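Structure first, then comments.
Please treat every number below as a calculation from the coordinates, not as lab data. What you are looking at is a predicted structure, and each value in this text was computed from that prediction instead of being measured. A quick note on method: Cβ atoms are made from the backbone with ideal geometry, for glycine too, and the neighbour counts reach across all protein chains shown.
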Amino acid sequence: MDHRPLTSVQQGILTTLTQAEDQFVSGEQMASRFGVSRAAVMKSVHALLARGYQIESVRNRGYCLRALPDQLSEAAILERLRAGGVSADVHVFDIIDSTNNEAKRRAHDLARPLLLVADQQLNGRGRQGHSFYSPSSTGLYMTVVWPTALSLDTAALCTQVMAVAAATVIEECSGLSPMIKWVNDLFLNRKKIAGILTEAVADPEQQAICAVVCGIGINLTTERFPSEIAEVAGSLGAINRNVLAADITAAFLRMSAALPRTDHWLDAYRERSMALGRPLSFSKNGQSYHGMGKKIDDQGHLTVQLDDGTDCTLSSGEISIHPDDLP
């Protein structure tokens, strides 16, 4: 994969075609805009085609951008973020231990948000020490690093913000409507298609949070899973990974910017919740409990009405829902 930066002319052409929104732009117009020859424009377009950009060329009309490349591309993600008015740095990796691990290595002294995306993870991580299966080319594995001084309790809400951002963008891109299993998993057709891991990074000198690291792994076209997760894991289907990465990042940053307010995204989280109104179980302090999901409060906590009629409110942890009770 070619992750080298675009030349200034290539970047200018890409920006122009993106802003044109499916309209043709003449080679002469772009040559004049960038102070180069029409032959230089054509050469730059050919370079973009080689990177996987789908650009239609029509005589006497010019060029039109039809689709972004399917291979992960820093340039493609950056351009889509820019088109959406989002300022962030982007790094793409062919293979990495974990995007969350790399995010924590880079989290100090960031001037603006950072998006890390990998084609494959060797040690993808989930909550409570679980691993996340991350084979090459069939999923989207990404982490957003957001420089912020939020409190620890507020930072924890970023997991739910990411869940809403991802579910919303997936629906926009595919027409499918994933459900959210409190607190951090996305399900479709009773199968887990995505998991989220949020971690806070502290500044040792200030003894306060300096960044939130929020990672998500999404199974797109993975067909075979390890035996231990084969019964529960599923895949979403083919969606352009550059579009998905950029749009999820943009949605996450827009919604998280208003924290600790939750009114602009929490209703969407509740509407997609798999827990509300369904029987579930969980463990707390070494003891198992059973009950019915009752409500999600304004802090994102889940209230469960236990079998004995009392209420128990969970601020963290995992719940289990029997496969027969999944929506």
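Each Lys and Arg Cβ is given +1 and each Asp and Glu Cβ -1; about its Cα centre, the range 279-325 then shows a dipole of about 100 debye. First check a/c for the range 8-67, with a ≥ b ≥ c the square roots of the eigenvalues of its C-alpha gyration tensor; if it is under 1.5, answer rounded, and if not, answer prolate when a/b is larger than b/c or oblate otherwise. It comes out rounded by the Cα gyration axes. In straight-distance terms, cross-link reach from Lys284 covers every one of the lysines whose alpha-carbon lies under 24 Å from its own, apart from those fewer than eight places away in the same chain; here that gives Lys181, Lys192, Lys294, Lys295. Counting every other Cβ atom within 10 Å of each residue's Cβ, Thr99, Thr148, Thr15 order from fewest to most as Thr15, Thr148, Thr99. Charging the Cβ of each Asp and Glu at -1 and of each Lys and Arg at +1, and nothing else, the dipole of the chain about its Cα centre rounds to 920 debye. If you average the sequence gap of Cα pairs under 8 Å that are 6 or more apart and divide by the length of the range 76-115, what percent do you get for the contact order? Worked out over the range 76-115, it gives 51 percent. The relative contact order of the range 185-238, computed from alpha carbon pairs under 8 Å that lie at least 6 residues apart in sequence, is 35 percent.
Highest mobility in the GNM of the chain, judged by mean-square fluctuation with C-alpha springs under 10 Å and restricted to Ile77, Ile216, Ile96, is found for Ile96. Taking Lys and Arg as +1 and Asp and Glu as -1, the other residues whose beta-carbon sits under 11 Å from that of Ser136 total -2. Counting only alpha carbon atoms, the long axis of helix 38-50 and the longest principal axis of the chain meet at about 30°. Net charge in the neighbourhood of Val145 (other residues with Cβ under 12 Å of its Cβ; Lys, Arg +1, Asp, Glu -1) is 0.
Working from Cα pairs under 8 Å separated by at least six residues, relative contact order for the range 74-198 is 18 percent.
Taken about its Cα centre, the range 8-67 carries a charge dipole of roughly 180 debye when the Cβ of each Lys and Arg holds +1 and the Cβ of each Asp and Glu holds -1.
Counting neighbouring Cβ atoms within 10 Å and putting the fewest first, the residues Ile193, Ile239 line up as Ile239, Ile193. Taking Cα atoms, how many degrees apart are the long axis of helix 8-20 and the longest axis of the chain, rounded to 10 and kept between 0 and 90? Here the helix axis deviates by roughly 70 degrees.
Taking the centroid of alpha carbons for each part, the range 250-289 and the range 28-67 are 45 Å apart. For trypsin sites (Lys or Arg not before Pro), the sites in the range 9-77 that DSSP calls loop and that have at most 12 other Cβ atoms within 10 Å are Arg59.
For the chain, the residue among Val25, Gly309, Ser281 whose Cα projects farthest onto the positive side of the dipole built from Cβ charges is Val25. Where only DSSP H runs of four or more residues are counted, the chain gives -8500 deg cm²/dmol as its mean residue ellipticity at 222 nm, each run worth -39500 (n - 2.57). The distance from the alpha carbon centre of the range 68-135 to that of the range 164-178 is 19 Å, rounded to a whole number. A cut-off under 15 angstrom between Cβ atoms defines the neighbours of Phe187, and their net charge, with Lys, Arg +1 and Asp, Glu -1, is -1.
Ranked by how many other Cβ atoms sit within 10 Å of their own Cβ, fewest first, the residues Leu115, Leu78 fall in the order Leu78, Leu115.
If a/c stays under 1.5 just call it rounded; otherwise compare a/b with b/c (prolate if a/b is bigger, oblate if not). Do that for the range 279-325, with a ≥ b ≥ c from the square roots of the Cα gyration tensor eigenvalues.
rounded
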